[in-house]
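One structure is given below, encoded as structure tokens.
The values are calculated or read from the model by the stated rules, or taken from the named source; none is laboratory data. The shown structure was predicted, so the numbers you read here are calculated from the model rather than taken from an experiment. Here Cβ is always computed from backbone atoms with ideal geometry, including for glycine, and neighbour counts include all displayed protein chains.
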Protein chains: 2
Amino acid sequence: MTDHSQSSPGAPTRAPGVLVRTQGVTSAAGFRAAGVEAGLRAKGGLDVALVVNEGPDLAAAGVFTLNKIKAAPVLWSQQVLTSGRLRAVVLNSGGANACTGAPGFQDTHRTAEHLASTLSDWGTETGAGEIAVCSTGLIGDRLPMDKVLGGVTEVVHELAGGISGGTDAAYAIMTTDTRPKQAAIHHENGWNVGGMAKGAGMLAPSLATMLCVVTTDAVASADQLDRALRHATAQSFDRLDVDGATSTNDTVLLLASGASGIEATQEELDAAVLAVCDDLADQLMADAEGVTKRIIVRVGGAESERDALVAARTIARDSLVKTALFGSDPNWGRVLAAVGIAPVALDPDRIVVSFNGSPVCVDSMGVPGAREVDLSAVDITVEVDLGVGSASASIRTTDLSHAYVEENSAYSS
Amino acid sequence: MTDHSQSSPGAPTRAPGVLVRTQGVTSAAGFRAAGVEAGLRAKGGLDVALVVNEGPDLAAAGVFTLNKIKAAPVLWSQQVLTSGRLRAVVLNSGGANACTGAPGFQDTHRTAEHLASTLSDWGTETGAGEIAVCSTGLIGDRLPMDKVLGGVTEVVHELAGGISGGTDAAYAIMTTDTRPKQAAIHHENGWNVGGMAKGAGMLAPSLATMLCVVTTDAVASADQLDRALRHATAQSFDRLDVDGATSTNDTVLLLASGASGIEATQEELDAAVLAVCDDLADQLMADAEGVTKRIIVRVGGAESERDALVAARTIARDSLVKTALFGSDPNWGRVLAAVGIAPVALDPDRIVVSFNGSPVCVDSMGVPGAREVDLSAVDITVEVDLGVGSASASIRTTDLSHAYVEENSAYSS
């Protein structure tokens, strides 16, 4: 169980039930999942994942990258989701299928068609229009479609309920992730929400780069799911910013089976989906490429939540702040220089900065001992007060380390 | 002499005369300069610089950081410049005097007063209101005023015309710079423009972090100088972006002595000041902290120059693009992912990307051999066509290297 009052940079909601990280998409009744190795990744390992909703409901919602350059599977899944229904989600690592033009879009379409016919052969009647596709990996190359289609056939055979199916799927979507990310909530009213996510670099603004599938067995309409998902991503993934980059493939999906037979209120659903997304966001931060510090930047004293968020994001993206924190250096002057550039209202003579709860700068001037604050631990909280209001917001970020540079200058799969 | 058609990311103006890098602020008649060691830097070395205008004119203009958190010397010099007159500029490395509150402002005031009285003692009648002050170094600490004032006294004694005075001053403003930056143009009409600059990290958007003093012996009014300086900085320093950070101390000053007795037209002045600033910007890029690649990002096919500039800056700031180029990796997909986030008009299916003149992506898809383009040389040009118009603009930037991380995580003086 996670202490949400500590980890959440968003609303300090408490998880409305027990939150566990050992279960994911199959913790909600009515879902089966699997992961197989189709040979898409140079390194080997599971690379095709499948999540199937066995109903009785097929309600679904999705949010997608705001990047103008959208990968083929994003264009496909956005189109499919206009119906508010999803039978299944197929995901692959080992290739993003982005910047692949019309042929790449046809590859995605073919993948959905092949999955629909394979599922239908096995007794789950469905069409390509009920299937979302997600891809992650290097931008710019076509996928080896013989391997993808073989993997799709195989992953249908492997479909399983219970914990193992969801865990295999969570492994199959990893790229430079070092571990799978899952979270699930068993609501006290008898329904469940479970999710899995991947993402380790290119994590940013409007949707940290990532694929994420969340499931629930509550009875909920597509509209309710859409509201819950937008609320949750705005408070969680949108407030994770590792390197300011937003990928071409970001996708977060929410599927409801209604298998519990229990109706959740909008408020209950919002809280449970947020709790799962927030915990997954925390796991994404902790496993970001090259991370050596887990950093929460909390800005208060702002005129509006929007100002607080912009200021926190500006600090979280500043290379000089990030390198200083990598070096455990309480260089608060860089925090002031960074926030001074944010397009927000602030009082330049009334800024307060604290590191891990110790004030290092008051009224925009250093305090005695400020340069001796110990930042050697992995977790660092940077708190900044703008001195002009009472709104606040937080961003999760990481440091800028040698390992980040190494991983991203050598990255090729 | 520099080939400006190659190096300038701004207007492809040709230098209106011979451009040399061996002379700086004292290449214009009527200026004397010096640099001394006052003991402000832990490492030792020259750390107090002085540039004095001996007239007959004292016209001047300045542009300053847009950071809301402004160092004391910036606040002081902005105020002084409202008169359009400057007798002298005193600059120190070894401390930014930023985030030092009212006491820090008094330190700046005292420095100007002390310089005015020392210059007056030596026969150059002046007041503090004709003296600009610039500081660079760590943010947040008070300057050791006994050393600063001692240095001011000494630097007045050392004042010299000729090349050596300007060169000493250029050395005295260095921090993590590895070499002094100077440039001068001898205009064919008989007047001169010379300049010096420092800046190696925290180089960014609206004014790359830096101190820069430019002098001319042309006859020009404060208004003319103001126009020439704003034109030049917009085309040069504002298009240099090493790490997206903008300092609290950025200052660029332009002083005219009128000592040549020759009036320059606005157009001539604009071109000469731009040529000097552009060359200094090129030197700043080449000596940026941790640089291993000198990168020009040129965006064309844009709806407006503003769009082209925003797109180029977005690419130039992208950590994943910068780490890929550090690794000499022609990972064009990251360029597309980066530009797709820029708030500009573009055709997502018609983007063209070239590395060093070789097209690697056409119509938003990779071309054969794209991943084999050789980027092992130090200079890299990234050209991107947005496919929607005919406007273009360029940004100078650098890679994100291990050395950048090292220098900035250990930086403390």
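The residue that is nearest to the chain's Cα centre (by Cα), among those in the range B:171-180 that are modelled with pLDDT of 90 or more and more than 16 Å from B:ASP250 (Cα to Cα), is B:PRO180.
Looking only at residues of the range B:367-395 that are part of a strand (DSSP E or B) and hydroxyl-bearing (Ser, Thr, Tyr), we find that the one that is surrounded by the fewest Cβ atoms within 10 Å (Cβ to Cβ) is B:THR381. If A:GLY261 satisfies all but one of (1) touching a strand residue (DSSP E or B) at 6+ places or on another chain (Cβ under 9 Å); (2) without any contact (Cβ under 8 Å) to a residue 60 or more places away in the chain; (3) in a helix (DSSP H, G or I), what's the number of the condition it fails? Among (1) touching a strand residue (DSSP E or B) at 6+ places or on another chain (Cβ under 9 Å); (2) without any contact (Cβ under 8 Å) to a residue 60 or more places away in the chain; (3) in a helix (DSSP H, G or I), A:GLY261 violates only (3). If I ask for residues that are at pLDDT below 90 and away from every other protein chain (no Cβ under 14 Å), which ones from the range B:283-318 would you list? B:LEU284, B:MET285, B:ALA286, B:ASP287 - these are the residues of the range B:283-318 that are at pLDDT below 90 and away from every other protein chain (no Cβ under 14 Å).
Evaluating B:ALA410 against the criteria (1) at pLDDT below 90; (2) in contact with a strand residue (DSSP E or B) (Cβ under 6 Å, 6 or more places away or on another chain); (3) hydrophobic (A, V, I, L, M, F, W, C) leaves one unmet condition, (2).
A:TYR404 meets all of the listed conditions (1) over 30 Å from B:THR292 (Cα atoms); (2) at the interface with chain B (Cβ under 9 Å from one of its Cβ atoms); (3) surrounded by 17 or more Cβ atoms within 10 Å (Cβ to Cβ) but one, namely (1).
The set of residues from the range A:37-91 being basic (Lys, Arg) and either outside the structural domain of A:VAL214 (by TED's automatic domain parsing) or modelled with pLDDT under 95 (or both) comprises A:ARG41, A:LYS43, A:LYS68, A:LYS70. If the condition is being closer than 20 Å to B:PHE105 by Cβ, of a type outside the set (Val, Ile, Thr) and crowded, with 22+ Cβ neighbours inside 10 Å, then the range A:333-365 contributes A:GLY333, A:LEU336, A:ALA337, A:GLY340, A:LEU346, A:CYS361, A:SER364. Look through the range A:337-352, keep the residues that are touching a residue at least 40 places away in the same chain (Cβ under 8 Å) and outside any loop (DSSP other than H, G, I, E, B), and return whichever of them is farthest from the other protein chains (Cβ to nearest Cβ). Filtering the range A:337-352 for residues that are touching a residue at least 40 places away in the same chain (Cβ under 8 Å) and outside any loop (DSSP other than H, G, I, E, B), the one farthest from the other protein chains (Cβ to nearest Cβ) comes out as A:VAL352. If you go through the range A:119-166 and keep only what is under 17 Å from A:GLY30 (Cα atoms), modelled with pLDDT under 95 and of a type in the set (Val, Ile, Thr), you end up with A:THR124, A:ILE163. Evaluating B:PHE355 against the criteria (1) within 11 Å of chain A (Cβ to nearest Cβ); (2) under 17 Å from A:SER409 (Cβ atoms) leaves one unmet condition, (1). Tallying residues that are β-branched (Val, Ile, Thr) and either in a loop (DSSP other than H, G, I, E, B) or surrounded by fewer than 22 Cβ atoms within 10 Å (Cβ to Cβ) (or both) within the range A:276-294 yields 2. In the set A:VAL90, A:VAL80, only one residue is touching a strand residue (DSSP E or B) at 6+ places or on another chain (Cβ under 9 Å), over 20 Å from A:ASP168 (Cα atoms) and in contact (Cβ under 8 Å) with a residue 40 or more places away in the chain; that residue is A:VAL80. Based on what the data block shows, is B:VAL273 in a helix (DSSP H, G or I) and either over 30 Å from A:ALA102 (Cβ atoms) or in contact with a Ser or Thr (Cβ under 8 Å, 6 or more places away or on another chain) (or both)? Yes: the conditions hold for B:VAL273.
Starting from residues that are outside any loop (DSSP other than H, G, I, E, B) and closer than 10 Å to B:SER376 by Cα, keep the ones in the range B:319-336 and report whichever is nearest to the other protein chains (Cβ to nearest Cβ). Result: B:PHE326. Considering only residues that are free of Cβ contacts under 8 Å to residues at least 60 places away in the same chain and within 20 Å of B:GLY140 (Cβ to Cβ), look in the range B:38-77 and name the one that is farthest from the other protein chains (Cβ to nearest Cβ). The selected residue is B:TRP76. If the condition is being more than 29 Å from the chain's Cα centre (by Cα), among the β-branched types (Val, Ile, Thr) and over 16 Å from B:ALA102 (Cα atoms), then the range A:353-373 contributes A:VAL360, A:VAL373. Being within 27 Å of B:LEU66 (Cα to Cα), away from chain A (no Cβ under 13 Å) and touching a Ser or Thr at 6+ places or on another chain (Cβ under 9 Å) is a property that B:LEU229 lacks.
Among the residues of the range A:20-78, which ones are surrounded by fewer than 20 Cβ atoms within 10 Å (Cβ to Cβ) and of a type in the set (Val, Ile, Thr)? Once the filter is applied, which keeps residues that are surrounded by fewer than 20 Cβ atoms within 10 Å (Cβ to Cβ) and of a type in the set (Val, Ile, Thr), the range A:20-78 yields A:VAL20, A:THR22.
Taken over the range B:99-141, the criterion of being hydrophobic (A, V, I, L, M, F, W, C) and farther than 20 Å from B:GLY84 by Cβ is satisfied by B:CYS99, B:ALA102, B:PHE105, B:TRP122, B:LEU138, B:ILE139.
Results for (1) surrounded by fewer than 17 Cβ atoms within 10 Å (Cβ to Cβ); (2) more than 20 Å from B:SER77 (Cβ to Cβ), shown as yes or no for each residue.
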residue: B:LEU138; (1), (2): no, no
residue: B:GLY151; (1), (2): no, no
residue: B:GLU154; (1), (2): yes, yes
residue: B:GLY162; (1), (2): yes, yes
residue: B:ASP177; (1), (2): no, yes
residue: B:ASN189; (1), (2): yes, yes
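Among the numbered conditions (1) closer than 30 Å to B:GLU407 by Cα; (2) in contact with an Asp or Glu (Cβ under 9 Å, 6 or more places away or on another chain), the only one that B:VAL310 does not meet is (2). Each residue in the range B:240-264 was checked for being away from every other protein chain (no Cβ under 14 Å) and in contact with a helix residue (DSSP H, G or I) (Cβ under 9 Å, 6 or more places away or on another chain), and 8 pass. Filtered by the rule that a residue be among the aliphatic types (A, V, I, L, M) and assigned to a loop (DSSP other than H, G, I, E, B), the range B:53-65 gives a lone residue, B:LEU58.
A quick yes/no check of all residues on (1) farther than 30 Å from A:HIS187 by Cβ; (2) of a type in the set (Asp, Glu); (3) outside any helix (DSSP H, G or I):
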| residue | (1), (2), (3) |
| --- | --- |
| A:GLY35 | no, no, yes |
| A:GLY45 | yes, no, yes |
| A:VAL51 | no, no, yes |
| A:ASN67 | yes, no, yes |
| A:LYS70 | yes, no, yes |
| A:VAL80 | no, no, no |
| A:GLY129 | yes, no, no |
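Checking A:SER328, A:SER358, A:SER319, A:SER364 one by one, the residue that is assigned by TED's automatic domain parsing to the domain that holds A:SER392, closer than 11 Å to A:VAL384 by Cα and of a type in the set (S, T, N, Q) is A:SER364 and no other.
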